[in-house]
Structure formats: structure tokens, C-alpha cells
Amino acid sequence: MTSRVTLISAATSRALREARFDDGCPLDASAAARARAAAGALPAADRLLVSPTVRCRETAEALGLDAVEAPELAGLDVGRWRGLTLDEVSADDPAGIALWLSDLDAAPHGGESVRALCERVARRLDASAEFDGRTLAVVEPEVVRAVAVKILDVPGSAFWRLDVPPLTATDVSGRSGRWNLRLGRALGPPEDSAEG
């Protein structure tokens, strides 16, 4: 049995452009239009999932997907940093941000640690191995990073070295616990996260 998972990174929102921890803001109008234009580039899937964030749900809708919300594919819970920019957190809590970026077990924001995210996503990926066919999931970039760390069996610090552009597909396939990874296939016209 071969399982296939295609992870679609969500389209751009104002929070992403502002380097702000997600606060539930909607997609930019231009990002939603790009997602609609990319709808035809998706592979057929037997199961459709979506992270519970507004950005992911709106991306799935724009892609024409009637996806089921999957809480285990949620983005990283950053607790009290939610809605703040990276610059704001760095100015207000420089020790906290430094700890967070250097210690995968740290959660100075009161939310979830990067290691906890990676472990949660790894469990979900392992469960996907039991499903014959293709799963398509619209997720936050950090979920794609966590999948790559798991599949490549690299140190967790690699999490911070992986860039996941908006509206790209990362394909995972495998059987018997062995996964292969194909990163960052663009779904439509290039999307620059700095555009509005």
C-alpha cells in the first residue's frame, strides 16, 4: 500500500506579509485570486483536510476544496505572542525570542514548543501511512517544515532553515514507514509574500 500526501501551504495574508504571528486575519484579495487561479493545478485526492486557521480555510475554499478541518494539522500555538510582529516580540521579550529560536523545547509565549509541534505533526503523518490513496491538506508553513524534519530525519534545528513559500505543494509518498519528499512545487503564478 502506498500513501500519498500533498501539503499545500496557505496563501498570503496581511499577518504573513508583516512578519506577524497569525491572528486570524483573512487572505489578501490578491492571494485569494491566486489561489482560485491555482485550483486546476491540484492532484485528484481521496481525502481533503485543512488546518483550522482562517488563512488555511480560506485558501482551501479559494482552491475549490470541500476539506475537513484537522486540528492535529494546526499551526504552532504561540500563546500570548499571537497577533504581534516578530519585531514587537523581539523588543518586548528579547530573551524569550532568543530562547524560542534556540531551544526546540522552549515555549516562552505560553503556547506550544516547536518540538511539540513536530511530534504532533509526525504522529499525523504516521497515521497517514495507514491510508491507501492521496490525501491533500492545506496547512500552515510550519506544518510543512515539521513534516520535512520528520521525513529527512534531520536535527530539529533544521526547522528554522526551511522556507515554505505560499501556495506551494510539498508531496510525500511512501509505504511501510519509509517516506519520500518532493518540496515546493508552485501551484500557480509566483506569489511573493511581500506583495499586497
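In region 72-90, how many residues are crowded, with 17+ Cβ neighbours inside 10 Å and either part of a helix (DSSP H, G or I) or of a type in the set (Phe, Trp, Tyr) (or both)?
So the count comes out to 3.
Six or more apart or on different chains, Cβ under 7 Å: which pairs go from a residue in region 148-171 that's in contact (Cβ under 8 Å) with a residue 40 or more places away in the chain to one that's β-branched (Val, Ile, Thr) and surrounded by fewer than 21 Cβ atoms within 10 Å (Cβ to Cβ)? Could you list them?
169/6; 171/6
Could you list, ordered by first residue, the pairs with Cβ atoms under 6 Å in which the first is in region 16-40 and farther than 11 Å from residue 167 by Cβ and the second is basic (Lys, Arg), at least 6 apart or interchain?
Filtered contacts from region 16-40: 21/82; 23/82; 25/14.
May I ask you to say which residue of 183, 136 is among the hydrophobic types (A, V, I, L, M, F, W, C), outside any helix (DSSP H, G or I) and open to solvent by less than 60 Å² (accessible area, probe 1.4 Å)? Walk me through how you get there before you give the answer.
Working: 183 fails: open to solvent by less than 60 Å² (accessible area, probe 1.4 Å).
Just a single option satisfies the conditions, and that option is 136.
Within region 1-12, restricting attention to residues that are open to solvent by less than 40 Å² (accessible area, probe 1.4 Å) and modelled with pLDDT of 90 or more, which residue is farthest from residue 125 (Cα to Cα)?
Among those that are open to solvent by less than 40 Å² (accessible area, probe 1.4 Å) and modelled with pLDDT of 90 or more, it is 12.
Only one of these conditions is not met by residue 157: (1) at pLDDT 85 or above; (2) closer than 19 Å to residue 51 by Cβ; (3) not aliphatic (A, V, I, L, M). Which number is it?
Only one criterion in (1) at pLDDT 85 or above; (2) closer than 19 Å to residue 51 by Cβ; (3) not aliphatic (A, V, I, L, M) is unmet by residue 157, namely (2).
Among what's in region 91-117 and is outside any helix (DSSP H, G or I) and not small (Gly, Ala, Ser), pick the residue that is nearest to residue 145 (Cα to Cα).
It comes out as 104.
For region 41-71, enumerate the residues that are in contact (Cβ under 8 Å) with a residue 24 or more places away in the chain and exposed (fewer than 14 other Cβ atoms within 10 Å of the Cβ).
43, 44, 46, 64
The values are calculated or read from the model by the stated rules, or taken from the named source; none is laboratory data. Here the structure is a predicted model, which is why all the values come from computation and not from measurement. Virtual Cβ from ideal backbone geometry, glycine too; neighbours counted across all protein chains shown. Accessible surface areas use protein heavy atoms only, side chains included; no ligands, DNA or RNA. Shrake-Rupley method; radii C 1.70, N 1.55, O 1.52, S 1.80 Å.
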